[in-house]
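Have a look at the structure below, then the notes.
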Amino acid sequence: MKNFAMLLKPLALSITLLAIFAVAQTEARADQVTFSTAGCFGAGCTPSITSTAFGSGNATATFTNQPTTTVNTSTPSGFTVADLGTISVSGTGTFSSTPFTLQVNQTLPTAGSGTFTGTLTGTLITNGSDSRIVFNQTSIMIGGIRFDLTNLAFGNTLFLDPNATGGITRISAIVSAPVPEPATMILLGTGLAGVAARARRRRKVA
C-alpha cells in the first residue's frame, strides 16, 4: 500500500503539470494582438502614416496607415482578418515601377516589426485602372504572430480600385497565433501512461 501511495504522487504531479500546460496553451492562443502600420513609396523611403506616389499626368496613389488596432485570435479557426491600411488613387496617368514599403509595428503580445515590400505599376484612366502593387513577400512573422496578406490576385498582386468604383483599396491580412505544439502533449501523455502502468504492476505484485 505504501509503494502504491508513493507511485500515486508522481502520477498526481504529472496530471497537474498537464493541466497547467493545457491552460498555458489556451492562454497563448487567446493572446490579443495589438499593432499599427506605416508605409511609403520610393526607394529607401522611411515609412510614415501617409505617403503619396505620383505617376505621369495627374495620377496619384496615397497610402494611409492603420492606426493602433487590437484583434483577438482566440477564434475557433485560430485567426482573424485585420486591415493594414488603405491606398486611394486619383487622376489619370501611369505609375512606373515605384517601390512600396508596408511596415507592421506590433506591441502585443510581443514588441517587434515586420515589413512587406512591393512595386506599384499600371495605368489609371477615367473609368478604369490596371494599377497594382506586386508584393515580394505575402507573409511575415512578428514574435510568433503571423500576418498573411489576403485579397490578392495571382498570389501576390493587389489591384487598386479605380476612381469609378471609389478609388480606395484596403490592404488586409489574416492574423494568426501559433498553434500549440502537439509533440509536447504526446510526450506528456506517454509519461502519464508509463506511470499508470507501473502503478498497476506494483499493485499486482503487492
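Please treat every number below as a calculation from the coordinates, not as lab data. All figures in this text were calculated on a predicted structure; none of them were measured in a lab. Positions of Cβ are generated from backbone atoms using ideal geometry, with glycine treated the same way; all protein chains shown enter the neighbour counts.
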Checklist entry - Extension gain residue 74-residue 107, at 0.36 nm per residue separation less the Cα-Cα distance, in nm? => result 10.1 nm
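How much length is gained if the chain between residue 151 and residue 90 is pulled fully straight, taking 0.36 nm per residue apart and subtracting their Cα-Cα distance, in nm to one decimal?
On the way: separation 61, 0.36 × 61 = 21.96 nm, distance 2.11 nm.
Length gained between residue 151 and residue 90: 19.8 nm.
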Checklist outcome for this item: Per the C-alpha gyration tensor (a ≥ b ≥ c, the square roots of its eigenvalues), region 84-155 is rounded if a/c is under 1.5, else prolate if a/b beats b/c, else oblate; here it's prolate
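What FRET efficiency do you get for residue 43 and residue 174 if R0 is 22 Å and r is their Cβ-Cβ distance, rounded to the nearest 0.05? Working shown, then result.
Details: r = 29 Å, r/R0 = 1.32.
Between residue 43 and residue 174 the formula returns 0.15.
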Next on the checklist: What value in Å³ per residue do you get for the convex hull of the alpha-carbon atoms in region 33-176?
Outcome noted: 99 Å³
Next on the checklist: Once you place label points 7 Å from the Cα toward the Cβ at residue 54 and residue 121, how far apart are they in nm?
Outcome noted: 2.3 nm
Checklist entry - What FRET efficiency would be calculated for the residue pair residue 164, residue 81, taking the C-beta separation as r and a Förster radius of 25 Å, to the nearest 0.05? => result 0.45
Checklist entry - Over region 33-176, what is the mean sequence separation of C-alpha contacts under 8 Å (at least six apart), divided by residue count, expressed as relative contact order in percent? => result 24 percent
